[in-house]
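**Q** Next up is a structure, given as structure tokens.
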Amino acid sequence: MNKAIYIGELALNVTLPAGKGGVASTSIGDRIVSAAMLDGKMGVETLFVGEAAADPVGDHLVNALNEAGLDTASVDRFTEGASPVRIESGKAGDDRAVLHASYPSEPVNPVWPRVNEGDVVVYGSFMVLDKRNHARVMDLVNHARARKAETVYMPYFDLRQVPRTTRIMPEVWECLEGASMVIATTGDLQALFPGEDAGAAFKDHILFYCRRCLVMDFATLTMRFYDGDESWTLKCHPTENSEAQWTAGAVAGAVRALTEGMRDPDDIMAKANETAHSELSEG
């Protein structure tokens, strides 16, 4: 089976208790990290490309990836700075957050993994849009395409890091151009193309750069796959998973399908649906 190579942002998330006497909880990364860890737990050969300081937080981040079965040889352990810590409120409706991070001025500089034909390279989060890292990440994406690998772009980012999306649109367009497939949520598309439904966003913006796109909608538990002028819709299984768990599971399942050589939209969505509502995604 081919391997999955994920490129994204590593951070330690701290969620403060909602009330007095509560205990803070921690987790690592975001959607792309969660999906990578799920693929690792499912036995997919999975590598992670990112950056973390050579500090205790960075050690914790890398150890968590290793425990999930990921190869972390391509995580750049920088010495000038501090690993990011994102502190969030646990109160319902309070989306405020504080990000503590200190990155070096130089771009991420990992040992790039070997990419073979049929491998799947997944890239997303603010890390790939950040002007400090964007060109370096696209070097690997373009190399992967030249090696006949699948390149999957996830066009999401923390809106608190990007107060004006117009500032990152040149990087978004280039990321779309480098992709053989896009995986997004309806929320991702709304953030980029306000007021447009998924079909319009694909037809009017994404299709020019990339002809294949999987869109996930947790509110209706549906997936829609666009391939040029055609589209397919899947009504997904009911789930007790949260939106974050369901979405990460769907991504992991879709990527796993691609590593297994599946290209048919129905097969990819079936694998995404299977993983999205599984108990494994609850972890």
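**Q** Measure of size requested: the Rg and Dmax of the range 77-139, with Cα atoms as the atom set and Å as the unit; please supply both.
**A** 15.6, 46
**Q** Averaged per residue, what accessible area in Å² does the chain show with a 1.4 Å probe, protein chains only?
**A** Here the residues of the chain average 45 Å² of exposed surface.
**Q** Across bins of 10 angstrom width beginning at 0, how are the C-alpha pair distances of the range 208-283 distributed, in whole percent?
**A** 21, 53, 23, 3
**Q** Given contacts defined as C-alpha pairs under 8 Å and at least six residues apart, what's the relative contact order of the range 196-283, whole-number percent?
**A** 23 percent
**Q** Hey, another quick one. Which residues in the range 91-127 place their backbone N less than 15 Å from a point set 7 Å from the Cα of residue 16 along the Cα-to-Cβ direction?
**A** Flagged as within label range: 91-100.
**Q** Can you pull the three principal axis extents for the Cα set of the chain, in Å, largest first?
**A** Taking max minus min along each principal axis of the Cα atoms, the chain gives 50, 42, 39 Å.
**Q** What is the spin-label model distance, in nm, from residue 190 to residue 89 if the labels are put 7 Å beyond Cα along the C-beta direction?
**A** It works out to 2.0 nm between the two label points.
**Q** From a point 7 Å beyond the Cα of residue 173 in the direction of its Cβ, which residues of the range 185-218 have a backbone N at a distance under 16 Å?
**A** Only 192-193, 204-210 pass the distance filter.
**Q** To continue, here is another question. Which residue, 180, 84, 125, has the largest displacement toward the positive end of the dipole of the chain when charges sit on each Cβ (Lys, Arg +1; Asp, Glu -1)?
**A** Highest projection toward the positive end goes to 84.
**Q** Can you list the lysines whose alpha carbon sits under 29 Å from that of residue 235, skipping same-chain ones fewer than 8 residues off?
**A** 3, 41, 203, 271
**Q** Equivalent-ellipsoid semi-axes (√(5λ), Cα gyration tensor) for the range 107-195, whole Å, largest first?
**A** In descending order, the three semi-axes are 23, 15, 10 Å.
**Q** Right, here's the next one. Whenever you get a sec, compute what percent of the accessible area on the range 53-112 sits on carbon and sulfur atoms (1.4 Å probe).
**A** Numbers: 1670 of 3350 Å².
Its accessible area is 50 percent carbon and sulfur atoms.
**Q** Can you list the lysines whose alpha carbon is less than 25 Å from that of residue 91, not counting same-chain residues fewer than 8 positions off?
**A** Residue 91 reaches 20.
**Q** Starting at 0 and stepping by 10 Å, how many percent of the alpha carbon pairs of the range 1-95 end up in each bin?
**A** Over the range 1-95, the share of Cα pairs per 10 Å bin runs 16, 43, 27, 12, 1 percent.
The values are calculated or read from the model by the stated rules, or taken from the named source; none is laboratory data. Everything quoted here is computed from the prediction, not taken from an experiment. When we count neighbours, we look across all protein chains shown, and the Cβ atoms used for this are built from the backbone with ideal geometry, even at glycine. All accessible areas refer to the heavy atoms of the entire protein, side chains included, with ligands and DNA or RNA removed. Shrake-Rupley method; radii C 1.70, N 1.55, O 1.52, S 1.80 Å.
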